[in-house]
Amino acid sequence: MLVATVTALLNSCPTAKQAKQIHAQIIVCALNNLEPLLVRQILLSASTYSTTVAQYVLKILYHLHCPDAFSWGFTVRYFSQQAQFKEALSLYFQMFKQGLCPSTFAISSALRASARIVCRTEGILIHAQSFKYGFCGCVYVQTALVDLYSKLGDMNTALKVFDEMLVKNVVSWNSILSGYLKLGHLAEAQRVFNQIPRKDVVSWNSMLTGCAKSGDMDQACLLFEQMPERNYASWNAMISGYVDCGKIESAQKLFAEMPQRNNVSWITMIAGYSKFGFVESAWELFNQMPEKDLISFNAMISCFAQNNRPTEALKLFNEMLKADVNIQPDEMTLVSVVSACSQLGDVRYGSWIESYIKNFGIEFDDHLVTALINLYAKCGNIGKAYELFDGLKKKDVVAYSAMILACGINGKVYDAVNLFTAMVDAQIEPNLATFSGLLTAYNHAGLVEEGYQCFNSMMEHQLVPLLDHYAIMVDLLGRAGRLQEAYELIESMPMRPCAEVWGALLLACEVHSNVDFGEIAAKHCFELEPTTTGYYSLLANIYASVGRWDDARKLREVIKDKKLAKIPGRSWTEIT
DNA sequence: CTAGGGTTAG
């Protein structure tokens with residue numbers, strides 16, 4: 001590669017991520033035999049992208065006159081430490097292809113990389129190589145192997161390697177412990193924990209997290225009190241445990257009590273608030289954060305997107321791109337941004353967002369593609385949605401549900417049903433959202449009996465219908481004119497019906513000019529959402545349609561008063 | 001080796 005080409009490439013690179021990938025290419029060139037002086041020039045220009053890369057480049061240059069196994073090993077380790085696991089692995093295999101004998105350095109780093117991104121085949125291959133080169137007695141290699149097999153969930157092999165270790169260290173103990181915890185074998189983990197000769201703070205934290213994840217906060221508390229030393233991870237694991245079991249107040253209390261907070265603490269709380277719909281509290285914390293990083297922005301953007309505040313999500317996204325903040329978004333950012341765009345349901349966002357993704361050099365991973373399916377479906381581009389769906393590497397329950405809904409809102413009931421059948425055939429368990437999509441499909445097609453059957457079949461999948469499912473059913477029954485049944489369904493609901501549910505009935509009553517149920521539905525809507533004038537209009541329409549002009553007029557008066565009373569508040573939100 | 005952010009819901 002010529003200096004000019006590489007330099008131009010780097011200068012035109014719009015994202016740090018792409019720049020990093022180009023670094024990787026350059027480093028391979030460097031190690032592969034380019035003239036040192038030429039490469040030096042390239043690397044120095046590359047190093048302007050980050051100080052860590054600059055430091056690294058200097059070290060590489062030191063060895064450059066002879067790209068030997070040591071340099072390669074050093075490089076693999078560097079990438080592994082930088083959490084660039086894919087790059088680390090690919091470098092390792094390139095080195096191997098050159099016929100160079102790997103060092104324990106390279107092997108243990110490559111194993112670490114394959115453990116972190118759970119590359120089964122690669123990991124096992126490297127294990128075989130380390131055996132071939134006689135490195136299986138090296139503690140670093142052994143420790144990495146124990147961790148690899150624990151992360152793969154293969155505890156038999158992990159234990160086999162572990163038992164062969166002449167010198168067991170606390171890291172290998174901890175790897176075994178986290179292996180069992182990952183599988184949810186709490187009792188086994190506890191047994192291992194008790195056996196660890198010199199437990200360190202990681203051992204305690206792992207055990208604590210295991211208890212918290214299984215919902216046993218009492219045991220987690222006990223461990224937290226007993227542990228000889230606490231670090232950030234200990235406190236954060238406790239906070240995260242409380243958030244997971246819905247005890248947001250306890251989480252809040254610990255957050256306030258902890259001696260020092262790091263970004264993980266802040267983000268755990270923000271995500272916790274988001275989960276339970278406390279958007280204002282999340283926003284307040286976010287603003288108090290001293291050093292906001294990518295993940296904190298992602299958490300906050302996701303909070304807005306998940307709580308039906310798409311405009312604020314997009315606003316914050318723009319905020320992070322501003323020069324004074326300048327944080328590069330990643331796949332996860334875009335997933336929330338795409339979700340926000342689809343909530344706004346504006347066709348224009350489709351191409352806007354795609355060009356953004358391309359400009360930022362972001363990969364279209366399955367999550368992002370699923371979010372895009374929804375976006376295109378909402379914009380009515382079902383063909384594009386299908387195209388994306390077919391291109392998915394792995395179709396999971398979310399992907400199927402998104403596609404079923406895509407068909408549902410675009411009037412393709414039979415496609416939706418076929419997808420559902422295909423999904424069940426593929427042994428993928430439908431969830432609540434799957435049924436939302438399917439019911440939506442039946443609703444759009446006005447297929448009452450099928451919808452009913454579908455609703456009732458939820459029980460067969462051990463699913464209890466949520467508010468939304470009831471809302472769709474009420475809408476379906478109501479539009480079909482089966483108002484009595486719709487009303488009875490509402491009455492049979494195990495949870496308190498929200499305004500949306502009564503609103504669906506009210507709307508149906510307007511369509512069918514039914515005063516009796518209309519009045520009941522409206523009464524509930526007025527109670528639940530006194531400021532929404534739309535419900536008053538609906539009832540007024542119903543009165544008008546049966547000739548009760550006086551009642552209709554009275555309601556229109558009420559609407560006028562309410563609108564007047566609302567003006568100050570509304571204009572305020574519109575300005576900001 | 002432990003702790004934080006993602007997709008579906010007329």
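Could you tell me which residue of the stretch A:261-306 is nearest to DNA strand B (Cβ to nearest atom), considering only residues that are of a type in the set (Gly, Ala, Ser) and more than 20 Å from A:Met238 (Cα to Cα)? Full working, then the answer.
Keep residues of the stretch A:261-306 that are of a type in the set (Gly, Ala, Ser), which gives A:265, A:271-272, A:274, A:277, A:281-282, A:296, A:299, A:302, A:305.
Narrowing the set further to residues that are more than 20 Å from A:Met238 (Cα to Cα) leaves A:277, A:302, A:305.
On the way: A:Gly277: 12, A:Ser302: 4, A:Ala305: 5 Å.
If we take residues in the stretch A:261-306 being of a type in the set (Gly, Ala, Ser) and more than 20 Å from A:Met238 (Cα to Cα), then A:Ser302 is nearest to DNA strand B (Cβ to nearest atom).
Given the structure, is A:Ser240 part of a helix (DSSP H, G or I) and outside the structural domain of A:Leu222 (by TED's automatic domain parsing)?
On the way: part of a helix (DSSP H, G or I): yes; outside the structural domain of A:Leu222 (by TED's automatic domain parsing): no.
So A:Ser240 does not fit the description; no.
Identify all residues within the stretch A:152-201 that are farther than 19 Å from A:Arg120 by Cα, assigned to a helix (DSSP H, G or I), touching a residue at least 12 places away in the same chain (Cβ under 8 Å) and aliphatic (A, V, I, L, M); write none if there are none.
Selection gives A:Val170, A:Val171, A:Leu177, A:Leu181, A:Leu186, A:Ala189, A:Val192, A:Val201.
Restricting the search to the stretch A:217-229, which residues are surrounded by 16 or more Cβ atoms within 10 Å (Cβ to Cβ) and either more than 14 Å from DNA strand B (Cβ to nearest atom) or more than 18 Å from A:Leu177 (Cβ to Cβ) (or both)? Before the answer, list the steps.
Taking the stretch A:217-229 and keeping what is surrounded by 16 or more Cβ atoms within 10 Å (Cβ to Cβ), we get A:217, A:219-221, A:223-224, A:227.
Correct list: A:Met217, A:Gln219, A:Cys221.
Being within 26 Å of A:Lys315 (Cα to Cα), in a loop (DSSP other than H, G, I, E, B) and away from DNA strand B (no atom under 12 Å from the Cβ) narrows it down to one of A:Gly380, A:Gly350, A:Gly361, so name that one. Write out each step before concluding.
Numbers: A:Gly380 fails: away from DNA strand B (no atom under 12 Å from the Cβ); A:Gly350 fails: in a loop (DSSP other than H, G, I, E, B).
The conditions single out A:Gly361.
Can you tell me which condition A:Phe304 does not meet? The list is (1) surrounded by fewer than 23 Cβ atoms within 10 Å (Cβ to Cβ); (2) assigned to a helix (DSSP H, G or I), and all the others hold.
(1)
For the list (1) outside the structural domain of A:Ala433 (by TED's automatic domain parsing); (2) within 10 Å of DNA strand B (Cβ to nearest atom); (3) not small (Gly, Ala, Ser); (4) not in a helix (DSSP H, G or I), I need the number of the one condition that A:Asp324 fails.
So A:Asp324 meets the others, but not (2).
Output the residues belonging to the stretch A:468-486 that are surrounded by fewer than 19 Cβ atoms within 10 Å (Cβ to Cβ) and away from DNA strand B (no atom under 14 Å from the Cβ).
Those that are surrounded by fewer than 19 Cβ atoms within 10 Å (Cβ to Cβ) and away from DNA strand B (no atom under 14 Å from the Cβ): A:Gly481, A:Arg482, A:Gln484, A:Glu485.
Would you check if A:Leu368 is of a type in the set (A, V, I, L, M) and not assigned by TED's automatic domain parsing to the domain that holds A:Val279? So that I can check it myself, show each step before the final result.
On the way: of a type in the set (A, V, I, L, M): yes; not assigned by TED's automatic domain parsing to the domain that holds A:Val279: yes.
For A:Leu368, the condition - of a type in the set (A, V, I, L, M) and not assigned by TED's automatic domain parsing to the domain that holds A:Val279 - is met.
Taking the options A:Trp266, A:Trp235, name whichever one is closer than 23 Å to A:Lys292 by Cα, crowded, with 21+ Cβ neighbours inside 10 Å and not assigned by TED's automatic domain parsing to the domain that holds A:Asn194.
Values: A:Trp235 fails: not assigned by TED's automatic domain parsing to the domain that holds A:Asn194.
Just one listed residue meets the conditions, A:Trp266.
For A:Asp330, only one of the following conditions fails: (1) modelled with pLDDT under 95; (2) more than 8 Å from DNA strand B (Cβ to nearest atom); (3) not hydrophobic (A, V, I, L, M, F, W, C). What is its number?
Single failed check for A:Asp330: (2).
Count, please, the residues in the stretch A:158-192 that happen to be within 31 Å of the chain's Cα centre (by Cα) and either within 14 Å of DNA strand B (Cβ to nearest atom) or surrounded by 15 or more Cβ atoms within 10 Å (Cβ to Cβ) (or both).
At the first step, the residues of the stretch A:158-192 found to be within 31 Å of the chain's Cα centre (by Cα) are A:158, A:171-190.
Checking which are either within 14 Å of DNA strand B (Cβ to nearest atom) or surrounded by 15 or more Cβ atoms within 10 Å (Cβ to Cβ) (or both) leaves us with A:158, A:171-186, A:188-190.
The total comes to 20.
So, in the stretch A:422-435, how many residues would count as being within 19 Å of A:Leu489 (Cβ to Cβ) and either buried (at least 17 other Cβ atoms within 10 Å of the Cβ) or in the same structural domain as A:Met493 (by TED's automatic domain parsing) (or both)? Walk me through how you get there before you give the answer.
First, the residues of the stretch A:422-435 that are within 19 Å of A:Leu489 (Cβ to Cβ): A:432, A:435.
Narrowing the set further to residues that are either buried (at least 17 other Cβ atoms within 10 Å of the Cβ) or in the same structural domain as A:Met493 (by TED's automatic domain parsing) (or both) leaves A:435.
Qualifying residue count for the region: 1.
Please verify whether A:Ala406 is near DNA strand B (Cβ under 9 Å from one of its atoms), of a type in the set (A, V, I, L, M, F, W, C), more than 29 Å from A:Ala426 (Cβ to Cβ) and at pLDDT 90 or above, treating the condition exactly as stated. Show your work before the answer.
On the way: near DNA strand B (Cβ under 9 Å from one of its atoms): yes; of a type in the set (A, V, I, L, M, F, W, C): yes; more than 29 Å from A:Ala426 (Cβ to Cβ): no; at pLDDT 90 or above: yes.
No: the conditions fail for A:Ala406.
Looking only at the stretch A:103-137, filter to residues that are surrounded by fewer than 20 Cβ atoms within 10 Å (Cβ to Cβ) and aliphatic (A, V, I, L, M); which one of those is farthest from A:Gln82 (Cα to Cα)?
Of everything passing the filter in the stretch A:103-137, A:Ala128 is farthest from A:Gln82 (Cα to Cα).
Looking for whichever is more than 20 Å from the chain's Cα centre (by Cα), farther than 15 Å from A:Asp468 by Cα and buried (at least 19 other Cβ atoms within 10 Å of the Cβ) here; the options are A:Leu438, A:Leu419. Which one fits?
On the way: A:Leu438 fails: farther than 15 Å from A:Asp468 by Cα.
Only one candidate passes the filter, namely A:Leu419.
Please count how many residues of the stretch A:487-504 are within 11 Å of DNA strand B (Cβ to nearest atom) and modelled with pLDDT under 90.
1
Being of a type outside the set (Lys, Arg) and free of Cβ contacts under 8 Å to residues at least 24 places away in the same chain is the filter here, so list the residues in the stretch A:495-520 that pass it.
Of everything in the stretch A:495-520, those that are of a type outside the set (Lys, Arg) and free of Cβ contacts under 8 Å to residues at least 24 places away in the same chain turn out to be A:Asp516, A:Glu519.
Quick one: in the stretch A:269-301, of everything that is in a loop (DSSP other than H, G, I, E, B) and among the acidic types (Asp, Glu), which residue is surrounded by the fewest Cβ atoms within 10 Å (Cβ to Cβ)?
Within the stretch A:269-301, the subset in a loop (DSSP other than H, G, I, E, B) is A:276-278, A:289-293.
Still in the running and among the acidic types (Asp, Glu): A:291, A:293.
Working: A:Glu291: 8, A:Asp293: 13.
Among those residues, the one meeting the criterion is A:Glu291.
The values are calculated or read from the model by the stated rules, or taken from the named source; none is laboratory data. Here the structure is a predicted model, which means the values were calculated and not measured. Methodologically, a virtual Cβ is constructed for each residue, glycine included, from the backbone with ideal geometry; neighbour enumeration extends over all protein chains shown.
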